[in-house]
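Working notes for the structure below.
The values are calculated or read from the model by the stated rules, or taken from the named source; none is laboratory data. Predicted model, so just to flag it, every value in this text is computed and none were measured. Here the Cβ positions follow ideal geometry from the backbone for every residue, glycine too, while neighbour counts run over all protein chains shown.
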Amino acid sequence: MSIEPLIRQSLHSCSSRINPPEELDVRIRQSLSTRRKTLHRNKRVRQMAVVAIIGSTAALTLAFSNQHFADRIYGSYQNLQKAVVNVTMQEYVTAGMKFMGASRELGDDYPAFQKLARQLTSAKLQYGDAHQQINFSQLSPAVRAEVKQKYADIQPYFDRLNHEIVIKDKLSAAEYDAYIEAMIRQESTLAQAHINPSAGPVDEQRMPEPYRAQYQNSQRILDELKSKAMNIH
């Protein structure tokens, strides 16, 4: 599921691979910056200020619309803050913006994606570490199989949203299972090594053994299967 604290990981676990249009992202950031400045100047009339701002600009109205999309996944901004406080409204609304874009692109398929996104977020929060990485080796066989299936079910939607080849459609059932297995083994390695992938690119060379070999082996499998899928016509 970015994310030093748990919530940032939750926000990104399902939304980091969905890229919104740059100009829309800029509009949201500008509107939220305006909102923060206005609320700071009007602390004693905070609620009135929020209402006034909502009515004053189309961009901010869009921001609250995006927040609604985030609420459908995470419950509410306030609920998320109960888990970890260090998450900004800008991050929350940006996540909502990505899900709103996903709803437009997926159309009638979005409700299924939204349901999976909620389930995946719940699994990340329940079983993930401080960086929201799940160590699948610590799960019971039944739970492991259940969470793995969620990864397998949601991956085609991520492929579609990023305009990439839908891996599942190109590989055999056994190959696709191997692809997802490599994905969760790689995540398990990051959890075991206490590495936060949201802090930046993973530096394999700085990984202690045996984590480095485990991570590289998983990446090799992912690369090989993705390359095979891309070459299937």
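Taking only pairs six or more apart or across chains, which ones have beta-carbon atoms under 8 Å, a first residue in the range 119-145 that is of a type in the set (D, E, K, R), and a second residue that is loosely packed, with under 14 Cβ neighbours inside 10 Å and at pLDDT below 95?
Asp129/His194
From Ile165, Ile184, which residue is surrounded by fewer than 18 Cβ atoms within 10 Å (Cβ to Cβ) and over 19 Å from Tyr74 (Cβ atoms)?
Working: Ile184 fails: surrounded by fewer than 18 Cβ atoms within 10 Å (Cβ to Cβ).
Exactly one residue qualifies, and that residue is Ile165.
Taking into account only those residues within the range 122-141 that are more than 26 Å from Asp71 (Cβ to Cβ) and among the polar types (S, T, N, Q), which is nearest to the chain's Cα centre (by Cα)? Before the answer, list the steps.
Quick first cut of the range 122-141, residues more than 26 Å from Asp71 (Cβ to Cβ) only: 135-141.
Within this subset, residues satisfying the condition of being among the polar types (S, T, N, Q) are 135, 137-138, 140.
Values: Asn135: 17, Ser137: 22, Gln138: 22, Ser140: 24 Å.
Among them, the one singled out is Asn135.
Output the number of the condition that Tyr211 fails; it satisfies all remaining conditions of (1) over 24 Å from Glu105 (Cβ atoms); (2) within 21 Å of the chain's Cα centre (by Cα); (3) aromatic (Phe, Trp, Tyr).
Among (1) over 24 Å from Glu105 (Cβ atoms); (2) within 21 Å of the chain's Cα centre (by Cα); (3) aromatic (Phe, Trp, Tyr), Tyr211 violates only (2).
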